[in-house]
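The numbers here are math on the coordinates, done by the rules we state, and not lab data. Keep in mind that what you see is a predicted model, and the values were worked out from it rather than measured. Ideal geometry is used to build each Cβ from the backbone, glycine not excepted, and the neighbour counts take in all protein chains shown.
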């Protein structure tokens, strides 16, 4: 039986991954990890902790920040596959990877989070749901407005640091990217640039917004199953 470890995104509630976890259950055993499960003083220590926490021969599935961390884990652990959901290679743009949030935008977001955390989290949730219907937003809990401030700051610092442009070349297990067609946080161009620069990596788009793992969990589970089946993983 397959074993899946799901890594949650920044500021996401514990319930945010529940729809996808349920949709993946027919494919194997599913364990969901939240930010609080693996936060350590540094990114490197957090990755080392996750490597000890997640057993080998496991399929990694990460959403947003969780997908970026899963990318790093895939270079160092004995895992079977890595699936990244709505996860850019860099959250903050650089000269070599401009398809991300600008440094000025990130700095402003960071400052708002420090000064007005609840207001900023509500704005973040609106960005996650941008493009979704009102009924979809009303049905699901996405962002944890009571999340620990230290955890949130750690997550933002991690988003600012992570650069996975080299990690894709260092990963030998099957890699899968899933992007949404109307994601307000990850530019749609990322999908095509990954296809151009890393043609050996499977990348697809599904209809939806940044919250697509909650919006369409069964559709996401189907494309993950198809990917694993095609790669005999």
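Remarks
- Residue-span extension gain [residue 14 to residue 37] - 0.36 nm each, minus C-alpha spacing: 7.2 nm
- Potential lengthening of the chain between residue 163 and residue 115 amounts to 14.6 nm, from the contour at 0.36 nm per residue minus the alpha-carbon distance.
- Residues within the reach of a label modelled at residue 233 (point 7 angstrom out along Cα to beta-carbon, backbone nitrogen below 16 Å), restricted to the range 159-182, are 167-179.
- Candidates 38, 197, 110, ranked by Gaussian network fluctuation over the chain, Cα under 10 Å, top entry: 197
- Among 199, 19, 174: highest mean-square fluctuation, GNM of the chain, C-alpha pairs under 10 Å: 199
- Spin-label pair residue 105/residue 123, simplified geometry with 7 Å Cα→Cβ offset, distance in nm: 1.3
- For the residues 25, 83, 181, a GNM of the chain with alpha-carbon springs under 10 Å puts the largest fluctuation on 25.
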